[in-house]
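Read the structure below first, then the notes.
Coordinate-derived values only; no laboratory data. In this text, all values refer to a predicted model and were calculated from it rather than measured experimentally. Neighbour counts are summed over all protein chains in view; Cβ atoms, including those assigned to glycine, are modelled from backbone coordinates with ideal geometry.
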Amino acid sequence: MASSDQSPAPTPAQGTDPTPHGQPMTMGQHVIDKGAAMMQSLTPVKQISQHVCTFASYSHDMSRQIETHHYITRQNQEFLQCAVYDAEDKKAHLIGVEYIISDRLFETLNEEEQKLWHSHAYEIKSGLWVNPRIPEMIGQPELENLAKTYGKFWCTWQVDRGDKLPMGAPALMMSPQGVKLGKIDPELVKKRDDKYNISTEAIQKSRLEIEEPEWINPQADYWKQHGKGFAIDIEETEMKLRAPFP
Amino acid sequence: MSNQPQVPGKPTQTGTSLVETATSTIQDFQPVNQIHQHLCAFHFYAYDMTRQVEAHHFCAHLNDEMRQCLIFDGPNKNAKLIGVEYIISEKLFLTLPDEEKKLWHSHLYEVKSGVLFMPCIPGPIERTEMDKVCKTYGKTTHFWQIDKGHDLPLGLPQLMMALTRDGQLYDELAQDVEKRFGVSFEKERKNRADLTGPAHGIHPLANGGGKGVELKLREVDCKPARVFV
């Protein structure tokens, strides 16, 4: 079965055109959707309070790097949950979920769990992590807190390899870092900067004063100290039942 | 459900809230603004039918044949984001490689039995939607095993499956949802009697091909770093 580090079998569901398969929405569907949206409160989605644009790479192949758009809800001072998309427009693909926790919460995790997480200090100090359309001075007060956090990011749709539908196993993602495999392709960054008319380099300078965390747990960013990434395999097994299936 | 663990962490500080008031006012959240439907259903772990979870789907259409949904553990402000589901038409499902089809589940039973519903939507409108949904296939991944009482999203992603016949869903789970949302699955089952499923019938490879599916972690060697000029 298609492990996260294997390409799926060639089918119409793959190809160079990134637009998803499927007929455009009918007028009837639009009407139903508008109607439903008026009657349903959609409360959890209304808690989303910020949009961040940043970059990530696949932990099983860090040469594959993507621009990501996080739509973030804060649960409390130490926990954020993010719906992650590959773009910021109406047609963006939902590509995964990231959870962000404080360093205090991270230290409560066991070592096996910690391996699945990545640190954010470099990503923030380097200016890669930005809130589009928000003046730096508004966002900056929070960055010192965020620089101390750790994230866990699962990608469920590998759009960058041409999948027109979400295929295979989820993939673990890693964050940009200042060394070797963690460095983001400058072309990718330039493309992002041009789109928003910003300069990551200038933002980095303006963030020099932001305090670095005193210590980053070496279990995070596992590839740095261990040279290993992670893939997810799909295995057939006996299902524990309480009734016949299917 | 009522006894979910609370997410650990200090309460949000004023300064933090202020920044987020600014961002939520100034920024637009287009991908998320496309979310316009709330569906409630149940999932179980693809290797363990005895572990069942109430799943609140908040769905957006990418086009007429595909939806992408954020899954929360409840409908309220402090709901935890626990997973994602993609929902596709039968036509798109048939384009998938056979190995991929096994990771997708059918919606026919959930819809026809009434257990999949849209809170606060009048029956006739809901039924128009259900007529579409019962012909679709879904792929669901959860990242947070709240049924284990985890107060943080620990461990590996979990492929989930959907109910496929009577006798699978725990009565207590069903009754709790019916009570909290003021719905009757039995009543809806009758109302939905004439809905039909995928034109070609439920594909034999869907729903794990009838088998359990589990995700496992494997360490891999990192490839050498690229040099950027």
(request) Would you work out the relative contact order for chain A, in percent, from Cα pairs under 8 angstrom that are 6 or more residues apart? (result) 26
(message) For region B:1-85, take every pair of Cα atoms, bin their distances at 10 Å starting from 0, and report each bin as a whole percent.
(response) 14, 35, 35, 14, 2
(request) List B:H56, B:H38, A:H226 from most exposed to least, where exposure is judged by having the fewest other Cβ atoms within 10 Å. (result) A:H226, B:H56, B:H38
(request) Treat each spin label as a single point 7 Å out from the Cα along the C-beta direction, and report the B:Y170 to A:K240 distance in nm. (result) 1.2
(request) Report, in debye and to the nearest 20, how large the dipole of region B:172-217 comes out about its Cα centre when Lys and Arg carry +1 and Asp and Glu carry -1 on their Cβ. (result) 60
(request) Mind checking B:195-201 for the average number of partner chain beta-carbons within 10 Å of each residue's beta-carbon? (result) 0
(request) Using a 10 Å cut-off on Cβ to Cβ distances, tally the other chain neighbours for every residue of B:99-109 and report the average as a whole number. (result) 3
(request) Quote the FRET efficiency, to the nearest 0.05, computed for A:N217 versus B:A193 with a Förster distance R0 of 41 Å and r equal to the Cβ-Cβ distance. (result) 0.10
(message) Give me Rg/Rg_expected for chain B, where Rg uses Cα atoms only and Rg_expected = 2.2 N^0.38 Å with N residues.
(response) 1.11
(request) Would you work out the relative contact order for region A:32-132, in percent, from Cα pairs under 8 angstrom that are 6 or more residues apart? (result) 23
(message) Applying a 10 Å radius around every beta-carbon, put B:145-153, A:150-158 in order of their mean neighbour count, most first.
(response) A:150-158, B:145-153
(request) Could you list B:D73, B:D176, B:D171, A:D89 in order of exposure, starting from the residue whose Cβ has the fewest other Cβ atoms within 10 Å? (result) B:D171, A:D89, B:D176, B:D73
(request) Counting other beta carbons within 10 Å of each Cβ, put A:M39, B:M161 in order, fewest first. (result) A:M39, B:M161
(request) At q = 0.17, 0.19, 0.26 Å⁻¹, work out log10 I(q)/I(0) for region A:22-105 with the Debye formula, treating every Cα as an identical point scatterer and leaving solvent out; two decimals please. (result) -0.89, -1.01, -1.26
(message) If I histogram all Cα-Cα distances within region A:189-231 using bins 5 Å wide from 0, what percent of pairs lands in each bin?
(response) 5, 17, 13, 11, 14, 21, 17, 2
(request) Rank B:C69, B:F181, B:L154 by how far each Cα sits towards the positive end of the charge dipole of chain B (+1 on Lys, Arg Cβ; -1 on Asp, Glu Cβ) and give me just the farthest. (result) B:L154
(message) Please report Rg (one decimal) and Dmax (integer) in Å for the Cα set of chain A.
(response) 19.5, 62
(message) Could you give the length gained by full extension between A:M38 and A:K180, i.e. 0.36 nm per residue of separation minus their alpha carbon distance, to one decimal place?
(response) 46.2 nm
(message) I'd like the per residue volume of the convex hull spanned by the Cα atoms of region A:116-237, given in cubic angstrom.
(response) 143
(request) Calculate, in whole percent, how much of the Cα-Cα pair population of region B:30-149 lies beyond 25 Å. (result) 20
(request) May I ask you to work out the translational diffusion coefficient for region A:61-152 at 20 °C, viscosity 1.002 mPa s, via Stokes-Einstein with Rh from the Kirkwood sum over Cα pairs, reported in whole µm²/s? (result) 150
(message) Please compute the contact order of region A:131-212 in relative form: average sequence separation of alpha-carbon pairs under 8 Å and at least six residues apart, divided by the residue count, as a percent.
(response) 30
(request) Describe numerically, in nm with one decimal, the distance between label points set 7 Å from Cα along Cα→Cβ at B:L217 and at A:D160. (result) 2.2
(request) Starting with the highest mean, order A:60-69, B:200-209, B:185-194 by the number of other Cβ atoms within 10 Å, averaged over the residues of each peptide. (result) A:60-69, B:200-209, B:185-194
(request) Taking the Cα centre of chain A as origin, work out the dipole magnitude from +1 charges on Lys and Arg Cβ and -1 charges on Asp and Glu Cβ, in debye rounded to 20. (result) 560
(request) Pick out, from A:P186, A:Q77, A:G139, the residue whose Cα sits farthest towards the positive end of the charge dipole of chain A, with +1 on the Cβ of Lys and Arg and -1 on the Cβ of Asp and Glu. (result) A:G139
(message) So if I place +1 on the C-beta of Lys and Arg and -1 on the C-beta of Asp and Glu, and nothing else carries charge, what would the dipole magnitude of the protein assembly as shown be about its Cα centre? I want it in debye, nearest 20.
(response) 620
(message) Taking 2.2 N^0.38 Å as the expected size of a compact globular protein, what ratio does the Cα radius of gyration of the protein assembly as shown give against it, to two decimals?
(response) 0.94
(request) Quick one: P(r) of region A:154-202 from all Cα-Cα pairs, 10 Å bins, percents rounded to integers, in order of increasing distance. (result) 21, 35, 37, 7
(message) Please report the projected area of region B:174-227's Cα convex hull averaged over all directions, in nm².
(response) 9.8
(message) Using a Förster radius of 41 Å, what is the FRET efficiency between B:I125 and A:M137 based on their Cβ-Cβ separation? Nearest 0.05, please.
(response) 0.30
